[in-house]
């Protein structure tokens, strides 16, 4: 079963695996564009997305990132989408101050409560542990501690872990920490792998059994989509089509169509036609959007 903000479901349909509908990173980034709070525009775009065939999104905004549980419920009701909520902590310097003050056990119990009882004073339950991240080309001592805590919560709850890699770095190091905690790597999604155009690196991650997040699609200032497609084609050719998942990771108001951005429907409108044109079969794309997310997210 999979817990959405409106209750449990057995299957999700076509799913964006790593999204935000409201978050605020502007305090540290000092950039008002990263106060992603245009709820009305997000709602309009999500309604359009639903009409174009996407059924579900995993919302990976967690503690310290501006998570808004009530907005998730409202948008699920108004758009008809399944919205799956997350808990955890992001990375330095975006961790709330209490992360440094509380013990590992206290923090673990806080996350378990989000999953088993409800988040932020509600009865709305989280399903995913994410997005939990590491810094660019390094893992701080605090981030290492975070991964240990998340590993322990996974062992207690069985919930999947979604990571954030900064520009696709430190994926193997993240995996090593989780392995040390005996985490089931088939329940781990390594995020933002598509920001790293290194085929050998992708194969090393895939060989561990993790899912690979091609979840910043359309962010061509970091990586052209042609590179993403080449990586996907090679991974499919090597037998890893059951480990690929897709998303956009919209986090700025300038990503929305109202502000001349790509918008939530970019995968449907632009990227999937490019995949098909490149020779990827539609049944394979269905694995990326339907089968793989459902396998990753379902728990007994």
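Every number in this text was worked out from the coordinates using simple rules, so none of it is lab data. Just so it is clear, the model here is predicted, and its values are computed rather than measured. Cβ coordinates were reconstructed from backbone atoms using ideal geometry, including for glycine residues, and neighbour counts include every protein chain displayed.
General observations
- The residue that is farthest from residue 162 (Cα to Cα), among those in the range 282-300 that are out of contact with any helix residue (DSSP H, G or I) (no Cβ under 9 Å at 6 or more places or on another chain) and exposed (fewer than 15 other Cβ atoms within 10 Å of the Cβ), is 283.
- Of everything in the range 76-115 that is touching a strand residue (DSSP E or B) at 6+ places or on another chain (Cβ under 7 Å) and assigned to a helix (DSSP H, G or I), the residue that is nearest to residue 158 (Cα to Cα) is 115.
- Flag for residue 154 being surrounded by fewer than 24 Cβ atoms within 10 Å (Cβ to Cβ), under 20 Å from residue 110 (Cβ atoms), without any contact (Cβ under 8 Å) to a residue 12 or more places away in the chain and more than 13 Å from the chain's Cα centre (by Cα): no
- Test: residue in the range 17-40 that is in contact with a helix residue (DSSP H, G or I) (Cβ under 8 Å, 6 or more places away or on another chain), assigned to a loop (DSSP other than H, G, I, E, B), surrounded by fewer than 18 Cβ atoms within 10 Å (Cβ to Cβ) and at positive phi: no
- Among the residues of the range 164-201, those that are surrounded by 20 or more Cβ atoms within 10 Å (Cβ to Cβ), out of contact with any helix residue (DSSP H, G or I) (no Cβ under 6 Å at 6 or more places or on another chain) and either assigned to a helix (DSSP H, G or I) or without any contact (Cβ under 8 Å) to a residue 24 or more places away in the chain (or both) comprise 174, 175, 187.
- Restricting 279, 239 to residues that are within 19 Å of residue 185 (Cα to Cα) and exposed (fewer than 15 other Cβ atoms within 10 Å of the Cβ) narrows the list to 239.
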